[in-house]
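Single-structure report; data block below.
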Amino acid sequence: MKGLILTAPNSGGGKTTLTLGILRALKMRGITMRSGKSGPDYIDPRFHEAASGMPCVNLDAWAMSPNRIRHLAAGGTPILIEGAMGLFDGAPPDGKGATADLARILGLPCVLICDVSKQSQSVAAVVEGFSRHAEDIDIVGVILNKVGSPRHETMLRRALEPVGLPVLGAVYRDVKLETPSRHLGLVQASERSDLDKFLDNSANITYSSINFDKLISLFEQSSKSSTNPIILPPPTQSIAIASDNAFAFAYPHLLSAWRKAGAELTFFSPLADQAPAPSDLVILPGGYPELHAGKLAANRIFLSGLRKAKSVYGECGGYMTMGEGLIDAQGTRHEMLGLLPLETSFAKRKLHLGYRNLKPLGGPWDMPLNGHEFHYATTLKATGTPLFTATDAEDTELPHMGLINGPHSGSFAHVIDRAD
């Protein structure tokens, strides 16, 4: 495996946009490049794939074993990995799962992307501090982002000269690099009609602003090797999975592993009013059902097909859809599947965020799991048997999660992998 990690001192510094621009610029020049994303993110990887034309893997240093991460990242084609948050930012209490952990596990160097929109000479202190903070993290270059003017760029480059790290480029502030967002992050790649135009603009801007020859020369061969990892087995061998803009949050690494284990996977679109193919289990992944609740409530073929299914499992948005009713952000209640005694609402939003250690009390899983919770919905009613006992990243006991109702179950947790 040959690769490089793009990271930053903090969130919101432009990692995703520059990663997309670099991936698309390489594709436009006939250079094949795989990509990866640190953490449990569902949305950025789909943008990566649109930019590069290659699959993007989630690499989660909190939820996955080191061998699992190395196996997912391995391959003959170089891999460009986008970090999450700041380089050393991870889960409490000690930052486990940070991009720095990923760099250690994979043995890959990092390039630091610095948002300099509100600083000049102070950039040197930031870069020097990050480069010296951990001896086992190799920062090999800097990209200056959101530069204001040629004079500003000159000041920044001069300040960084004593630090000794190469400045790979300076990307100026540009409205063409701005992206729309919603409560869980970026609008999904599949929802943007202007996606190719945005990616091409990003590619042209980054290619004219960054020394690509120097950037590519910094890719290093990892000294870390992997063996076949122990994976989360498929919950059953015949699985129908919802897949469209309302239910897009299914991890490709799990689906790929299940196929290799011999599971038969089929897909259907609730938004297109499709019913699942006959199967032992239907999975409703997370997504944005709250944005399409009226349409889902009116799609009779979808509703009837799910109510007749042998067994249904839902995560986050899929879990809410399995309930009796969902209240959207405007306060309108929509009747859902009624498979679980559950009512949820977006009328009053509250952030629920964090990694979760999960122990099943029933349902489709029979082993401890690592997962992640990220939603703004509030629960108005949830009665019956819970699906999981749960603790957070600090092993603090949390209220039981989810519900089981006969063959149907779900929770707000997104399952990432088995717990080692």
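Against the empirical 2.2 N^0.38 Å (N residues), segment 2-221 has a Cα radius of gyration ratio of 0.95. Here the translational diffusion coefficient of segment 238-418 follows from Stokes-Einstein with Rh set to the Kirkwood radius across Cα pairs; for 25 °C and 0.890 mPa s it amounts to 152 µm²/s.
Cα gyration tensor of segment 311-402, axes a ≥ b ≥ c as square roots of the eigenvalues: rounded (a/c below 1.5), prolate (a/b > b/c) or oblate? Taking the square roots of the gyration eigenvalues as a ≥ b ≥ c, segment 311-402 is oblate. Bridgeable lysines around Lys146 (alpha carbons under 28 Å apart, same-chain partners fewer than 8 residues away excluded): Lys15, Lys27, Lys37, Lys118, Lys176, Lys197, Lys214.
Per residue, the average separation of C-alpha pairs within less than 8 Å and at least 6 apart gives segment 170-286 a relative contact order of 25 percent. The slack in the chain from Lys310 to Ser256, taken as 0.36 nm per residue of separation less the alpha-carbon distance, amounts to 17.1 nm.
Loop sites here are GluC sites (Glu not before Pro) outside DSSP states H, G, I, E and B with no more than 15 other Cβ atoms within 10 Å. The longest part of the chain free of them is 179-393. At full extension, Ser11 and Ser238 could sit 77.7 nm farther apart than now, given 0.36 nm per residue minus the alpha carbon distance.
Here's how it looks for Asp417: its modeled amide H is under 5 Å from those of Asn370, which are all 5 or more places away or on a different chain. The distance linking segment 84-129 with segment 328-354 is 36 Å (Cα centroid to Cα centroid, whole angstrom).
Segment Lys197..Asp392, full-extension length gain: 66.1 nm, with 0.36 nm per residue of separation and the alpha-carbon distance subtracted. Normalising the average separation of contacting C-alpha pairs (under 8 angstrom, six or more residues apart) by the number of residues puts the relative contact order of segment 2-221 at 26 percent.
Dividing the mean sequence gap of close Cα pairs (under 8 Å, 6+ apart) by how many residues the chain holds gives a relative contact order of 13 percent. Note on the chain: with a GNM built from Cα contacts shorter than 10 Å, the maximum mean-square fluctuation among Ser269, Ser226, Ser193 falls on Ser193. Could you work out [θ]222 nm for the chain from helices alone, using -39500 (n - 2.57) per DSSP H run of at least four and dividing by all its residues? Round to the nearest 500 deg cm²/dmol. When only DSSP H runs of four or more count, the value is -7500 deg cm²/dmol.
Could you calculate the FRET efficiency of Ile230 with Arg104 from 1/(1 + (r/R0)^6), where r is the beta carbon distance between them and R0 is 22 Å, rounded to 0.05? FRET efficiency, Ile230 to Arg104: 0.60. Summarising the amide proton neighbourhood of Val282: residues at separation of 5 or more, or on other chains, whose placed amide H is nearer than 5 Å comprise Ala240, Ser311, Val312, Tyr313. Against the chain, whose longest principal axis is taken from its Cα atoms, helix 43-52 shows a tilt of about 60°. For the chain, the convex hull drawn through the C-alpha positions has a volume of 139 cubic angstrom per residue.
Rule-based calculations on the coordinates, nothing more; no lab input. Given the structure is predicted, the values throughout are model-derived calculations rather than measurements. Ideal geometry is used to build each Cβ from the backbone, glycine not excepted, and the neighbour counts take in all protein chains shown.
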